[in-house]
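The values are calculated or read from the model by the stated rules, or taken from the named source; none is laboratory data. Owing to the predicted nature of the structure, the values given are computational and were not obtained by experimental measurement. Because the Cβ atoms are built from the backbone with ideal geometry, glycine has one as well, and the counts that use them run over all protein chains shown. SASA here: full protein model, heavy atoms, side chains in, ligands and nucleic acids out. Shrake-Rupley method; radii C 1.70, N 1.55, O 1.52, S 1.80 Å.
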Amino acid sequence: MGSVKAEVYADFFEQMINATIASAENVADSHHFRVVQEGKAHPLWTIGHLANTNNRLVHQWCCEGESMLPENYSKRFSPEFAGGDPITANADDYPSWDEVVENYAKVSKACVEGIRGLDDAVMAGELRGDAPDRLKERFKSVEYTLRSMAGHDAYHRGQMNALAALA
């Protein structure tokens, strides 16, 4: 059964997700692939990256859920330093905007439900499932990971908003 602490994190994640989805809904179609420099993130990559990261780190490695994304998301939406493909502004290299936003929403809502079921011992423990040892060391605990992912989402939401606002 979940804990009070887990419920607070779940509520916080729910607010975060709603804010990110609202931001995504405000990105004009003409701005889905807007970049400030070739090879840098654009709004579509950003929301796909958030979906992929929430799927792996929170849903799978904190909540022990099964992956909810197509296999190609990991390579397509991970940064190059983490083994991802180079970011391009070519729409043919990506799933549709609607699919990516829908996957972000689906995965993130599953994260909220998974977080609600965590107890204090799990929150204090290391990442679970098949999380690599190097990430278990980096993220220290499930609770630390949840805090980190909330900041990660906010950072990329701001990035997406800035790119969408460029004239």
Contact order relative to length for the stretch 9-137, counting C-alpha pairs under 8 Å separated by 6 or more residues, stands in percent at 34
Expressed per residue, the solvent accessible area of the stretch 17-131 in Å² (1.4 Å probe) is about 47
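Expected output is a single nm value to one decimal: the length gained when fully extending between D93 and N72, i.e. 0.36 nm times separation in residues minus the C-alpha distance. What is it? It would help to have the intermediate numbers written out before the result.
On the way: separation 21, 0.36 × 21 = 7.56 nm, distance 1.09 nm.
Gain on stretching D93 to N72: 6.5 nm.
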Short to long, in 10 Å steps from zero, the percent of alpha-carbon pairs of the chain per bin is 11, 41, 34, 13, 2
Label model pair N26, E80: point-to-point distance (7 angstrom along the Cα→beta-carbon line) in nm is 3.1
Counting only protein heavy atoms and leaving out ligands, DNA and RNA, the solvent-accessible surface of K136 at a 1.4 Å probe, in Å² to the nearest 10, equals 40
